[in-house]
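One structure is given below, encoded as C-alpha cells.
The values are calculated or read from the model by the stated rules, or taken from the named source; none is laboratory data. Predicted model, so just to flag it, every value in this text is computed and none were measured. Cβ placement follows ideal geometry from the backbone for every residue including glycine, while neighbour counts extend to all protein chains displayed.
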Amino acid sequence: MNKRVILVNPSPDYDKEEYKHYDISMGVGAPLGILLLATILKNNGYETRIIDGQTCDYEEETLREIAGKNVLCAGISVMSSQYRNAIELSGKIKQAREMLPVVWGGFHPTIVTEKTLQNPCVDYIMQGEADKGFLQFCNFLSKGGDIEKVENLGYKKDGKVTLNACAPLSTFDELPVVDRELIGDVEKHVLKRNALGEETRFMNVLSGLGCNYICAFCHNAILHKKHRTRKAPEIIEEMNYLHEKYSISEFAFQDENFFGNRERIFEMLKLLRSNRHKFRWSTSLRADYVKENYINRELLREVREAGGYYLGLGAESGSQFILDKKIRKGIKVQDVLNLAEWAKGLDITLNFSFIAGIPGETCDMTYETLQLIEKIKKINPKTLIIGPHVFRPYPGSPLYQEALKMGLKEPDDWNGGEGKKFLESLSHFTHIDASAIPWHPQPVRFKYMMLSYYLFHLKKRKKFLENAVIGVLKAIAAIRLKFKWYSFWFEKPLLDMWNSKLS
C-alpha cells in the first residue's frame with residue numbers, strides 16, 4: 001500500500017531561476033501550512049517528503065522523489081503568484097508519472113477553482129484549510145472509499161467540476177504542534193537575520209489561524225475564515241522547546257490577527273515576562289486596535305517589557321475616503337499617527353505598509369498617502385515603510401471585482417499570454433506599467449508620481465559615479481513631488497542608464 005506523500009512549495013513565478021542561485025545561508029521562513037499537513041499525515045502513519053522551493057531546485061527534487069518510488073500523490077501549495085511554476089511542475093510530473101494523482105491546495109485553487117481543475121495536469125484541488133480533508137483524501141487513495149465523502153475536495157466527474165462540502169474549521173485543540181524535523185534540514189529554516197538586519201537565530205511560530213475581518217483587498221473577504229488562537233501556555237512551551245533544541249532566541253508570531261484576543265494577549269505578556277528564557281519577538285498589528293482603551297502607550301510599554309520589539313502594521317492609505325469606502329478596514333489616519341507617536345522612545349520598531357492605485361483612488365488621494373508617510377517619518381525617522389506598493393488585484397476579493405468592472409480583464413486561459421501578463425502583475429511590479437492598471441482614472445500620471453516617489457527614496461551606493469546619478473535623480477524627484485509636476489521627463493535618458501526596468 002502506498003503511504004508516501006510528496007508536498008511541494010514552489011518558488012514564486014518571478015523567482016524560479018533566481019532561487020536556483022539564492023543564498024540561503026541566512027535562512028528562510030518555514031512553510032508552516034505544509035508542515036502542519038505533513039505532521040498530521042505522519043501522526044496517521046504516512047511518510048512525507050516536503051520540498052521547499054525557497055531552499056532547493058524544487059522541480060529537480062520533485063522529479064527525483066517520484067521516480068521509481070512508491071508515491072501516493074503529489075500535493076502542491078499554490079498562491080496566484082506561484083501559478084505558472086506550479087502548472088509547469090504539474091506538467092512535468094504527469095510526463096514522468098502520468099497516473100500519479102496531482103492535488104493542489106492553497107489560495108489560488110480555492111478561489112479560481114473551476115479554471116484550475118480545467119487544466120489536465122491538475123487532478124484534484126483542496127478548498128480552504130485542508131487539515132481534515134487532505135488526510136481523508138490520502139486515506140481514500142490508499143484504502144478506497146466514497147470520494148464524495150472526502151471533505152474540501154474538488155475534482156472532475158464526467159467532465160464536470162464537482163466540489164464536495166468543506167469540513168468545519170479546526171480549533172487548535174484539534175491540531176498538532178508542527179514537527180519541524182519533517183522539513184529535512186531544519187537549519188535552512190532558521191533565520192539568521194531579523195527585519196532590522198541584526199544577526200540572530202529566529203523562527204516563525206503559528207499562533208493563530210484565520211481572521212474575523214473582511215478587508216476589501218483580502219482573501220478572507222471570500223473565505224470567511226474565523227479567527228482561532230492557540231492557548232498562550234502552549235505557545236510559550238513551543239518557544240522554550242525550539243530554544244532548547246535549536247538555540248532560537250527570537251520568534252515571529254505568524255497570525256493574521258495576533259492582538260485579536262485580548263485575554264490571550266494579556267496572558268501572553270505575563271507569561272513571557274516570567275518565562276525562564278527571555279525572548280525577543282515580532283508580529284503584526286491591526287491599526288484599528290490603536291485606541292486609548294486597548295493598544296495604547298501603556299500596553300506598548302508592556303509589549304516591550306515582554307520582549308516585543310517589532311510590529312508590522314497595514315496602514316494602507318493616507319486617504320480617509322479610501323480607508324472608509326474602499327478598503328473598509330476600520331482604520332483612522334489619526335490612529336496611525338498616534339501609534340507612531342506612542343512607540344517613539346519605547347525601542348519598538350514599527351513597519352507601516354501602504355497600497356496605492358486602489359480602484360476608485362485618484363492621484364490626489366495617493367498624494368495623501370505620500371504625505372502621511374512623510375509625517376510618520378518626521379515623528380520617528382527610525383520607522384520602517386513598505387511601499388506604497390501598487391495595488392495587486394487578487395482574484396475573488398471585493399476590490400478585484402471592482403477592478404473587473406473598471407476595465408481589468410481576467411484571462412480566459414491562465415496558461416496563455418494574457419494569463420502570463422496577469423500573473424506577472426500579481427507576482428511583483430518589475431516596472432510600473434500604466435496599461436496594467438486600467439481601473440485608474442489617470443494611469444500615466446499615477447505611474448510617474450509613483451516613479452518620482454521611488455526615485456526620491458533611492459539609497460546611496462558605494463561608488464562615486466552611482467551616487468552622483470542618484471543625487472541628480474533624487475533632486476529632480478523632490479521637485480516633481482513638491483510641485484506635483486509629472487510631465488516632460490527630461491531625465492529619462494539618465495534614468496534609463498540607471499535602471500531600464502524602471503522606465
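At a glance:
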quantity: Of all residues making up the range 382-396, the number that are in a loop (DSSP other than H, G, I, E, B) and closer than 16 Å to TYR453 by Cα; calculated: 1
quantity: Those residues of the range 119-142 which are of a type in the set (D, E, K, R) and in contact (Cβ under 8 Å) with a residue 40 or more places away in the chain, in sequence order; calculated: GLU129, ASP131
quantity: One residue from TYR400, TYR453, TYR394 being aromatic (Phe, Trp, Tyr), surrounded by 16 or more Cβ atoms within 10 Å (Cβ to Cβ), at pLDDT 80 or above and closer than 23 Å to LEU117 by Cα; calculated: TYR400
quantity: Entirely in the range 32-96, the helices (runs of 4 or more DSSP H) that have 1 or more residues that are touching an Asp or Glu at 6+ places or on another chain (Cβ under 6 Å), farther than 28 Å from GLN118 by Cβ and in contact (Cβ under 8 Å) with a residue 60 or more places away in the chain; calculated: 32-43
quantity: Criterion (within 27 Å of SER170 (Cα to Cα) and in contact with a Phe, Trp or Tyr (Cβ under 8 Å, 6 or more places away or on another chain)) met by exactly one of ARG286, ARG280; calculated: ARG286
quantity: Contacts under 8 angstrom Cβ, first residue in the range 449-472 being polar (S, T, N, Q), partner exposed (fewer than 12 other Cβ atoms within 10 Å of the Cβ), 6 or more apart; calculated: ASN467/LYS460
quantity: Restricting the range 67-88 to residues that are over 19 Å from LEU35 (Cα atoms) and at pLDDT 90 or above, the residue that is surrounded by the most Cβ atoms within 10 Å (Cβ to Cβ); calculated: ASN85
quantity: Residue in the range 114-121 that is surrounded by fewer than 24 Cβ atoms within 10 Å (Cβ to Cβ), farther than 25 Å from GLY396 by Cβ and aliphatic (A, V, I, L, M) present; calculated: no
quantity: Flag if PHE251 is in contact with a Phe, Trp or Tyr (Cβ under 7 Å, 6 or more places away or on another chain) and either part of a strand (DSSP E or B) or surrounded by fewer than 18 Cβ atoms within 10 Å (Cβ to Cβ) (or both); calculated: yes
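This table checks each residue for (1) at pLDDT below 90; (2) within 20 Å of ILE379 (Cβ to Cβ).
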| residue | (1), (2) |
| --- | --- |
| ASN257 | yes, no |
| LEU271 | no, no |
| ARG276 | no, no |
| PHE279 | no, no |
| THR283 | no, no |
| ARG301 | no, yes |
| ALA306 | no, no |
| ILE331 | yes, yes |
| THR349 | no, yes |
